[in-house]
1. Go through the stretch 30-87 and report how many residues are among the hydroxyl-bearing types (Ser, Thr, Tyr), surrounded by fewer than 20 Cβ atoms within 10 Å (Cβ to Cβ) and closer than 20 Å to Thr237 by Cα.
2. Return the only residue of Lys231, Lys264, Lys296 being assigned to a helix (DSSP H, G or I), at negative phi and at pLDDT below 90.
3. Assuming Leu6 fulfils every condition listed in (1) under 29 Å from Gln169 (Cα atoms); (2) surrounded by 14 or more Cβ atoms within 10 Å (Cβ to Cβ) apart from one, which condition is it?
4. Could you check the stretch 76-102 and list, in sequence order, the residues that are among the polar types (S, T, N, Q) and touching a Gly at 6+ places or on another chain (Cβ under 9 Å)?
5. Within the stretch 267-293, how many residues turn out to be part of a loop (DSSP other than H, G, I, E, B), within 24 Å of the chain's Cα centre (by Cα) and acidic (Asp, Glu)?
6. With respect to the numbered conditions (1) under 25 Å from Arg246 (Cβ atoms); (2) in contact with a Leu (Cβ under 6 Å, 6 or more places away or on another chain), which one is the sole condition not fulfilled by Tyr72?
7. Does Ile90 fit the bill of being in contact (Cβ under 8 Å) with a residue 12 or more places away in the chain, out of contact with any strand residue (DSSP E or B) (no Cβ under 7 Å at 6 or more places or on another chain) and crowded, with 19+ Cβ neighbours inside 10 Å?
8. Do any residues in the stretch 110-127 that are more than 29 Å from Thr142 (Cβ to Cβ) and surrounded by fewer than 18 Cβ atoms within 10 Å (Cβ to Cβ) have Cβ atoms under 7 Å from those of residues that are at pLDDT 95 or above and of a type outside the set (S, T, N, Q), where the two are at least six apart or on different chains, and which pairs are they?
Amino acid sequence: MTQSILGIIGGSGFYNLPGLENARWETIASPWGHPSDQILFAEIAGPDGSLPIRFLPRHGRGHKLSPSGIDYRANIDAMKRAGVTDLVSISACGSFREELAPGHFVLVDQFIDRTFAREKSFFGNGLVAHVPMGDPVSPGLTSLVEAATKAEGIEHTRGGTYLVMEGPQFSTRAESNLYRSWGCSVIGMTNMPEAKLAREAEICYAVVAMVTDFDCWHDDHQHVDVAAIIKVMHANTEKAQRLVLRLARDFPRQHPPCPIGSDKSLDVALITAPEARDRALIGKLDAVAGRVLTPKA
């Protein structure tokens with residue numbers, strides 16, 4: 001089996017991960033662009049030995065990048081180059097449901113992608129691939145996250161649909177009510193195309209959506225206030241840091257096979273004939289798709 005390396009992408013308010021051993025920030029170059037920041041390389045001890053951890057603040061330390069300004073391809077490629085086998089996204093979000101109040105965590109299992117200004121695939125003309133996305137998160141990894149959430153006593157719900165909007169503006173009330181009518185649970189601006197790219201990179205992916213507000217549909221909360229969001233965000237970040245440390249201590253030191261095949265998704269995805277593939281694009285895919293593109297000896 002492969003050694004597990006746990007990756008964490010921290011969203012709004014989550015810019016560092018204290019409590020780790022041998023922590024150091026390292027620059028990882030990517031042929032796809034500039035990752036949001038350096039990656040924090042660290043370890044955490046557990047009953048079965050140390051676990052390597054890689055942490056990347058999605059917006060950069062200091063929150064320098066807007067949702068549309070993030071280079072999602074560079075971020076996922078850099079995490080793959082850092083050896084990540086399992087990736088947990090920690091994301092701030094708005095809620096569409098009364099019972100999912102600010103401070104509640106939602107372990108999302110579905111997405112509706114409404115973004116339009118982002119590069120969404122590592123593949124394209126010269127090397128076409130279509131990865132399956134019916135189940136966009138890994139249930140095995142989500143179960144490990146849920147166990148850590150329960151152990152830390154964090155109020156949470158497993159399952160829910162995350163509507164990903166382009167932003168950076170918040171929703172209109174008409175949009176908010178439309179998305180509620182679709183059965184969505186939460187809304188945010190960053191988990192797409194991140195989830196799609198993680199699948200293309202054969203990284204198991206799970207999401208912790210931290211509710212900060214009720215969007216603008218709620219009669220008592222008709223305006224999304226950044227100051228109020230930041231106050232909730234600080235409390236959410238403290239809980240998320242506890243969650244991540246618990247997850248890392250208990251995480252399997254050997255990477256278990258993904259129940260839905262996230263870690264082997266390219267086995268059934270490449271459609272371009274080998275003789276027709278673009279060599280330059282293959283060169284950029286050395287980390288993401290090297291397992292299936294590198295000739296076997």
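1. 1
2. Lys231
3. (1)
4. The answer is Thr85, Ser89, Ser91.
5. 1
6. (1)
7. Answer is no for this residue.
8. Within 7 Å, the pairs are Gly126/Arg277; Gly126/Asp278; Gly126/Leu281.
The values are calculated or read from the model by the stated rules, or taken from the named source; none is laboratory data. Bear in mind that the values here come from a model prediction, so they are computed numbers and not experimental data. As a convention, Cβ positions derive from the backbone with ideal geometry for all residues, glycine included, and neighbour counts pool all protein chains shown.
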